[in-house]
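Visitor: Can you keep this structure in mind? I'll have questions shortly.
The values are calculated or read from the model by the stated rules, or taken from the named source; none is laboratory data. Small disclaimer: the values here were computed from a predicted structure and weren't measured. Counting neighbours? That spans all protein chains shown, and the Cβs are built from the backbone with ideal geometry, glycine included.
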Amino acid sequence: MRTWMKHEDPNNKYGATFTLGNREIVLPPGAVISVTRGEFFNIPRLIINGLINQLIMKAMTKNEDLLYAELSGQMQGGIGQTLTVWKDGKRMNQFRTSGSHNFARKFFSWVFYSGKVQSYFLTWPHEGGLPSSEDITNFVKTYGRHFDGGKLKKKANPPQFKQDA
């Protein structure tokens, strides 16, 4: 059975990252990376986001289509970010639209879509090694769908990668 590992940054006592799987994974053709990021969560939203993540994390451990997951949070800045890597987009979407994730999406969307929260969402195909956490954060903020307090500010516009012939 797969289990989550907690990693704490010694330079930041108010944040942690939980991982499921090996970050050194080499992504096969067809794999997709999906990132959800929220910034400026207030304390109640951070708590609710953490509880929702606990519910969804349990379902992720049982999903064989999930190759890797990384959930991180930080009190300073009210940040929560979820990175998941899937065998393909169809399997990711099946997880997203069913079970605990679908329940959380329907009933707790206000956590990401109201107040002063800045939200970013992006899914893109990727092969090879997994980029660093910092590169992924920059990528989702640059190319992802962006909401400011629930208002769409920018549609997702990931760069188109050409396949090798």
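Visitor: Considering every residue within the stretch 70-88, establish whether at least one is without any contact (Cβ under 8 Å) to a residue 60 or more places away in the chain, among the hydroxyl-bearing types (Ser, Thr, Tyr) and touching a Ser or Thr at 6+ places or on another chain (Cβ under 9 Å).
Guide: yes
Visitor: From the list LEU51, LEU67, exactly one residue is more than 12 Å from the chain's Cα centre (by Cα), among the aliphatic types (A, V, I, L, M) and at pLDDT 90 or above. Which is it?
Guide: LEU67
Visitor: Next up: Could you tell me how many of the residues in the stretch 141-161 are farther than 10 Å from LEU122 by Cα and small (Gly, Ala, Ser)?
Guide: Final tally of qualifying residues: 2.
Visitor: Another question, if that's okay. Does the stretch 123-140 include one or more residues that are aromatic (Phe, Trp, Tyr) and closer than 13 Å to THR36 by Cα?
Guide: Looking for residues that are aromatic (Phe, Trp, Tyr) and closer than 13 Å to THR36 by Cα, one finds at least one in the stretch 123-140, hence yes.
Visitor: For the stretch 1-48, which residues satisfy the criterion of being surrounded by 14 or more Cβ atoms within 10 Å (Cβ to Cβ), more than 15 Å from the chain's Cα centre (by Cα) and in a strand (DSSP E or B)?
Guide: Within the stretch 1-48, GLY15, LEU27 meet the criteria.
Visitor: Here is a list: PHE112, PHE95, PHE107. Which entry is over 22 Å from HIS7 (Cβ atoms), without any contact (Cβ under 8 Å) to a residue 40 or more places away in the chain and crowded, with 20+ Cβ neighbours inside 10 Å?
Guide: That would be PHE95, the only listed residue that is over 22 Å from HIS7 (Cβ atoms), without any contact (Cβ under 8 Å) to a residue 40 or more places away in the chain and crowded, with 20+ Cβ neighbours inside 10 Å.
Visitor: Name the helices (runs of 4 or more DSSP H) wholly within the stretch 82-165 that hold at least 1 residues that are modelled with pLDDT of 95 or more and more than 23 Å from LYS62 (Cα to Cα)?
Guide: 133-143
Visitor: Return a yes/no flag: does the stretch 30-42 have any residue that is modelled with pLDDT under 90, farther than 17 Å from PRO125 by Cβ and among the aromatic types (Phe, Trp, Tyr).
Guide: Checking the stretch 30-42: not a single residue is modelled with pLDDT under 90, farther than 17 Å from PRO125 by Cβ and among the aromatic types (Phe, Trp, Tyr).
Visitor: Can I ask one more? The conditions are (1) surrounded by 14 or more Cβ atoms within 10 Å (Cβ to Cβ); (2) charged (D, E, K, R); (3) touching a Ser or Thr at 6+ places or on another chain (Cβ under 8 Å), and LYS141 fails exactly one of them. Which is it?
Guide: (3)
Visitor: Quick one: in the stretch 87-103, which of the residues that are of a type in the set (A, V, I, L, M, F, W, C) and within 15 Å of the chain's Cα centre (by Cα) is farthest from ILE33 (Cα to Cα)?
Guide: PHE95
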